[in-house]
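Q: Next up is a structure, given as structure tokens.
The values are calculated or read from the model by the stated rules, or taken from the named source; none is laboratory data. These numbers come from a predicted model, not from an experiment. Don't worry about glycine lacking a Cβ; one is built from the backbone with ideal geometry, like all the others, and counts go over all protein chains shown. Note: areas computed on protein heavy atoms with side chains; ligands, DNA, RNA excluded. Shrake-Rupley method; radii C 1.70, N 1.55, O 1.52, S 1.80 Å.
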Amino acid sequence: MPETQLPAAARHSAVGLREQLQKDRRALCEHFSTEGEPRRLLSQHRLLVDRALRSLWKEAALPGSLALVAVGGYGRGELFPHSDVDLLVLLPCEPDAGLKAKLEALIGVLWDTGLEPGHGVRTIDECLVESAKDITVQTSLLEARWLAGSRSLYAAFTGAMREHLHPLAFFQSKRLEQEQRHGKYQESPYNLEPNLKEAPGGLRDLQAILWISRSAGLGENWMQLAERGLITATEARQLARYQKFLSELRIRLHYIAGRREDRLLFDYQSGLAAQFGFVDTPSKRASEQLMQRYYRTAKAITQLNTLLLQNIGVQLLSGAESPPEILNERFQATHELLEARDPELFERQPGAILEGVLLLQQHAELKGMSATTLRALWRARAGIDAGFRRDKANCALFLQILQQPRGLVHALRRMNQYSILGRYLPAFGKIVGQMQYDLFHAYTVDQHILNVIRNLRRFTMVEFAHEYPQCSRLMAGFDRHWLLYVAALFHDIAKGRGGDHSKLGMRDARSFCRTHGLTREDTELVIFLVEHHLTMSSVAQKHDLSDPDVIEGFARTAKTERRLTALYLLTVADVRGTSPKVWNAWKGKLLEDLFLLARRLLRGDGIGFEQDIQAKQEEALRLLRLYALSDEVKDKLWSELDVAYFLRHDAQDIAWQTRTLHYRVDTDRPVVKARLSPIGEGLQVMIYSRDQRDLFARICGYFEEINYSIADARIHTTGRGYALDTFLLLGPGNNPHYRDMINLIETELSERLQRQTPLHPPTRGRVSRQLRHFPITPEIQIRPDEKGASFALSIIAGDRPGLLYSIALVLGKYNVNLITAKIVTLGERAEDVFLIAGEALFKPRTVLQLESELLDALQLK
């Protein structure tokens, strides 16, 4: 921007103000570290920024008809250490070129001063237009506070904003905005790294209440809302206490991060816990204690947010009075809310708590419970005791909740939010807010369980049948599918107790089934699912599904097709419920392949691998004919391939590779062919080359360089000593451009293999934040297979870029040949299984050396 537009005094002043601002901010930080009073810091920070802005505005010599206005969080006086300074330059009319230049120069000075402004330059009419289009803009402008310039223009602006504000429409828009925001966070505060500002139960939920109440003239603060009867005085004090805790937490988070950061990342949790006075105990880390306090606070805020928004909504809609609709002798519907007809109902009849939850499921027109009913329910939750849990009528009500065709997930989340679920199932209460430091779960244990139930429910819903058609078809034909919800409730319920949580969870599940009168058959199904909820995932991802013994062993575990189907559905729902990063199409295909093979065996058809090979070959020939290729084109290549090849590849892969290689079986030049993966995600890359030393390492090194990860590797050597390897690759990010990479991979990788370029030293790739704080001790196991001809190498380590390349280099050094690779990545945890062969593996001393070098290669540092 042109310096001539800005007076020299203002430019000189900006330098001095920056230094003074930095000094004052350091003093605020030091004072806060000893005093720890969030309201005072926010107010003092706002005051020092006010002074700086007024000084700069004065020196900028702008026309007196303009006004400088604070908006947003800065406008309401809550300026956190690294938050943007939200400003509005208010104009009486459209600016000319000279004024525009001055304004641009002023904004530049603000940045030079270190204020990081979030700014807008508008007339009053433009403000009204923008606020009408965007509820976020309208909310920010309603927080306006005069800073400098024309007071009359500012008064006209605030008057126009009030005149165009419609409280009911504003209420409805803010409530919809909150629902959308909560949806981004799975409607739960129980993320392991929650956003304390935007997530449910965060600061934004508190701000939303006050925005709405101020717009409707119902109160400016919590005590004024209590005076209006919208909450009790006790609840007002609780809200003030929760706001103080979250504000202090956010202030300390900004300071410890050194920037604007609202996510409670693992990087900062331990440091924050220490600042709040938490210390490690034998059973809980300090950071876990801090997070549990946060979760309790967020849970209480979501409860009070629901209660307040309902009360405010009733006040705003009070003009449309209508008589309540009587549902039964205990409940009625008022303003689309469920209401207990007797305020003491839950105290006198605790079983009505579950009946109320059931009625919400059965009446789709009801949007929740009234505030008075919610308060009564909260007060009466202590009535859910051992006697309540043994009562057959209450047991029947709980089973009805699980069996309803709609509203189950909302019902369970509501029960969890108001501590009903944890009191009805005490074992569930113990895992509410419990952290999981396993590097692939993204949620607390209770939230993960509810996610799994949500995923199972989606299998029953027609509108989601396109997501997982196989699962939807199976669920539609599964009698009493609510038993899967019971198994999901208990599959992780014993985490954190020590020991095998699957075994411990079986006991809880058995007790539940007995208390609730489930039949022996249904009880055995639930217990089986809890005990084996990890089995199918482990077999599919870590074992060779072309091995008949693997399929037969798994089928013996399942025993019946009904149990197999139930386990498959639960496993898919479970893996998808751990974290958005864990599930991918390849894992889905592995699980489906295992399910279909085991089902064939249980139906008495037999796996029939020999017949299966013949069927694959016939289907491959049919596909080749579609390309006008005769049956004879296969002869030369197929004569070099053994049974293992046909077992490990499907007909489509066989046809694709035959079509590519039939005329160059004896080629001296490496062939690299890539295509979009048939499973719908990733790239499939085929490599055909004369076998060479370090071939696998060279391939892994190239994929590492282009930042692609190997999800699956099928390694094969033909009768003439050619390597025929197939890889499934997954690209970085959420939307990698796979199609654009095909030609690049085919060209570059074939040239690299042709030249046999020297291998570069392994690099220690960038380690994720989670692994830095929760490192995994590497584990290695080498054991011979049943025939003794090859060996299984199992590796557990923290995942990082270049990990597979490092492993390949060590294997190449010892002349160990790779037969197959099962690459399993669970979040930040790698659990890979390789089938390997080589003379070195028959020498115990050499094996020890190999294991030692592999362990060194797996270290993060």
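Q: Have a look at the chain and give its Rg and Dmax from the Cα atoms, expressed in angstrom.
A: Just the Cα atoms of the chain yield Rg and Dmax of 32.4, 92 Å.
Q: What order, most packed first, do the peptides 628-634, 556-562 have when packing is the mean number of other Cβ atoms within 10 Å of each residue?
A: Top of the packing list down: 556-562, 628-634.
Q: Further question on the same structure: Work out how much length residue 112 to residue 347 would gain on full extension: take 0.36 nm times their residue separation and subtract the Cα-Cα distance, in nm to one decimal. Each step should come with its number before you reach the end.
A: Working: separation 235, 0.36 × 235 = 84.60 nm, distance 6.30 nm.
Length gained between residue 112 and residue 347: 78.3 nm.
Q: Let me ask something else. With just the Cα atoms defining each centre, how far is the range 31-67 from the range 569-603? Give it in Å.
A: 57 Å
Q: Right, here's the next one. Take the Cα radius of gyration of the range 444-537 and divide it by 2.2 N^0.38 Å, with N its residue count; two decimals is plenty.
A: Cα-based Rg divided by the globular estimate yields 1.11.
Q: Still on this structure, I have one more. Running Debye on the range 506-637 with equal point scatterers at the Cα sites and no solvent, what base-10 log of I(q)/I(0) appears at q = 0.12 Å⁻¹?
A: Taking Cα atoms of the range 506-637 as identical point scatterers yields -0.61.
Q: What do the square roots of 5 times the Cα gyration tensor eigenvalues come to for the range 523-592, in whole Å, largest first, as semi-axes of the equivalent ellipsoid?
A: The equivalent ellipsoid of the range 523-592 has semi-axes of 19, 17, 9 Å.
Q: Still on this structure, I have one more. Measure off, as a whole percent, the carbon and sulfur share of the 1.4 Å-probe accessible area of the range 464-561, all protein chains present.
A: The value for the range 464-561 is 51 percent carbon and sulfur by accessible area.
Q: Sticking with this one: Once the convex hull of the C-alpha atoms of the range 142-289 is built, how many Å³ does it hold per residue, rounded to a whole number?
A: It comes to 153 Å³ per residue, whole-number rounded.
Q: Right, next: Might you tell me the accessible area per residue for the range 164-311, computed with a 1.4 Å probe and given in Å²?
A: Accessible area per residue, the range 164-311: 40 Å².
Q: Would you compute, for the Cα atoms of the range 118-182, the largest minus smallest coordinate along each principal axis and list the three values in descending order, in whole Å?
A: Cα spread of the range 118-182 along its principal axes, largest to smallest: 39, 26, 18 Å.
Q: Taking N as the number of residues in the range 639-762, what is its Cα Rg relative to 2.2 N^0.38 Å?
A: 1.02
Q: Once the piece of chain linking residue 534 and residue 198 is laid out straight, how much longer is it, given 0.36 nm per residue of separation minus the C-alpha distance between them? Can you show the working numbers first?
A: On the way: separation 336, 0.36 × 336 = 120.96 nm, distance 3.37 nm.
Once the chain is fully extended between residue 534 and residue 198, it gains 117.6 nm.
Q: Report the calculated FRET efficiency for residue 240 and residue 464 (r = Cβ-Cβ distance, R0 = 56 Å), to the nearest 0.05. Mind showing how you got there, number by number?
A: Numbers: r = 42 Å, r/R0 = 0.75.
Here the calculated transfer efficiency is 0.85.
Q: Taking H placed 1.01 Å from N in the peptide plane, check which residues at least 5 places from residue 824 or on another chain put their amide H under 5 Å from its amide H.
A: Distant-sequence amide H within range of residue 824: 831, 832, 833.
Q: Moving on. Run the quick spin-label model on residue 396 and residue 763: label points 7 Å from Cα toward the beta carbon, then report their separation in nm to one decimal.
A: 6.8 nm
Q: Over the range 211-281, what percent of the accessible surface lies on carbon and sulfur atoms, probe 1.4 Å?
A: Ligands and nucleic acids excluded, carbon and sulfur give 46 percent.
Q: Something else about it: R0 = 25 Å: FRET efficiency of residue 754 with residue 628, Cβ-based, nearest 0.05?
A: 0.25
Q: Suppose R0 equals 25 Å. What FRET efficiency, 1/(1 + (r/R0)^6) with r the Cβ-Cβ distance, do residue 175 and residue 227 give to the nearest 0.05?
A: Rounded to the nearest 0.05, the efficiency is 0.60.
Q: Could you calculate the contour length gain from residue 19 to residue 739, that is, 0.36 nm times the residue separation minus the distance between their Cα atoms, to one decimal place in nm? Could the numbers behind the result be given before it?
A: Numbers: separation 720, 0.36 × 720 = 259.20 nm, distance 5.21 nm.
Contour length minus the Cα-Cα distance gives 254.0 nm.
Q: Evaluate the range 783-830: find the radius of gyration of its Cα atoms, find its Kirkwood radius, and give the ratio Rg to Rh.
A: A ratio of 1.00.
Q: Once every DSSP H run of n ≥ 4 in the chain is given -39500 (n - 2.57) and the sum is divided by its residues, what mean residue ellipticity at 222 nm do you get, rounded to the nearest 500 deg cm²/dmol?
A: Using -39500 (n - 2.57) per qualifying helix, the result is -17500 deg cm²/dmol.
Q: Name the shape class, rounded, prolate or oblate, that the alpha-carbon gyration tensor gives for the range 111-154, where a ≥ b ≥ c are the square roots of its eigenvalues, rounded holds for a/c under 1.5, and otherwise prolate holds if a/b is larger than b/c and oblate otherwise.
A: Judged from the Cα gyration tensor, the range 111-154 comes out oblate (a/c at least 1.5, b/c at or above a/b).
Q: Under 5 Å between amide hydrogens, which residues at least 5 positions from residue 817 or on another chain qualify, with H placed 1.01 Å from N in the peptide plane?
A: 837, 838
Q: Distance between the C-alpha centers of the range 612-685 and the range 71-143? Whole Å please.
A: Spelled out, the Cα-based centre of one part sits 63 Å from the other.
Q: Along the Cα→Cβ direction, 7 angstrom out, place labels at residue 100 and residue 613. What is the inter-label distance in nm?
A: 7.7 nm
Q: Also, I was wondering about something else. Can you give the convex hull volume per residue for the Cα atoms of the range 336-390, as a whole number of Å³?
A: Considering the Cα atoms of the range 336-390, their hull volume per residue is 68 Å³.
Q: Does a label point 7 Å from the Cα of residue 267, set along Cα-to-beta-carbon, have any residues of the range 183-209 with amide nitrogen under 16 Å, and which are they?
A: 193-196
Q: Do me a favour and compute the ellipsoid semi-axes for the range 391-432 from its Cα gyration tensor, root of five times each eigenvalue, largest one first, whole Å. Don't skip to the end; give the middle numbers.
A: Values: eigenvalues 60, 41, 10 Å².
Here the semi-axes work out to 17, 14, 7 Å.
Q: Return the Rg/Rh ratio of the range 700-854 with Cα-based radii and a Kirkwood Rh. Intermediate results must be reported in sequence, preceding the final value.
A: On the way: Rg = 16.3 Å, Rh = 16.9 Å.
Value, to two decimals: 0.96.
Q: Take the eigenvalues of the Cα gyration tensor for the range 573-666, scale each by 5, and report the square roots as semi-axes in whole Å, largest first.
A: Values: eigenvalues 188, 67, 25 Å².
Equivalent ellipsoid of the range 573-666: 31, 18, 11 Å, largest first.
Q: Follow-up. Ratio of Rg to Rh for the range 655-713, alpha carbon only, Kirkwood?
A: A ratio of 0.98.
Q: To continue, here is another question. Suppose every K and R has +1 on its Cβ and every D and E has -1 on its Cβ; what is the size of the dipole of the chain about the Cα centre, in Debye to the nearest 20?
A: Here the size comes out at about 1740 debye.
Q: Please work out whether the range 291-350 counts as rounded, prolate or oblate from its C-alpha gyration tensor, where a ≥ b ≥ c are the square roots of the eigenvalues and a/c under 1.5 means rounded, while otherwise a/b larger than b/c means prolate and anything else oblate?
A: oblate
Q: To continue, here is another question. Could you tell me which of rounded, prolate or oblate describes the range 295-393, using a ≥ b ≥ c as the square roots of the eigenvalues of the alpha-carbon gyration tensor, with rounded for a/c under 1.5 and, failing that, prolate when a/b is larger than b/c and oblate otherwise?
A: Oblate.
Q: Of all the C-alpha pairs in the range 716-757, what % are more than 12 Å from each other?
A: Of all Cα-Cα distances in the range 716-757, 73 percent exceed 12 Å.
Q: Over all alpha-carbon pairs of the range 18-172, lay out the pair-distance distribution in 5 Å bins, whole %, shortest bin first.
A: For the range 18-172, the binned pair fractions read 2, 9, 18, 20, 18, 15, 9, 6, 3, 0, 0 percent.
Q: Give the distance, in whole Å, between the Cα centre of the range 254-306 and the Cα centre of the range 743-815.
A: Answer, in whole Å: 37.
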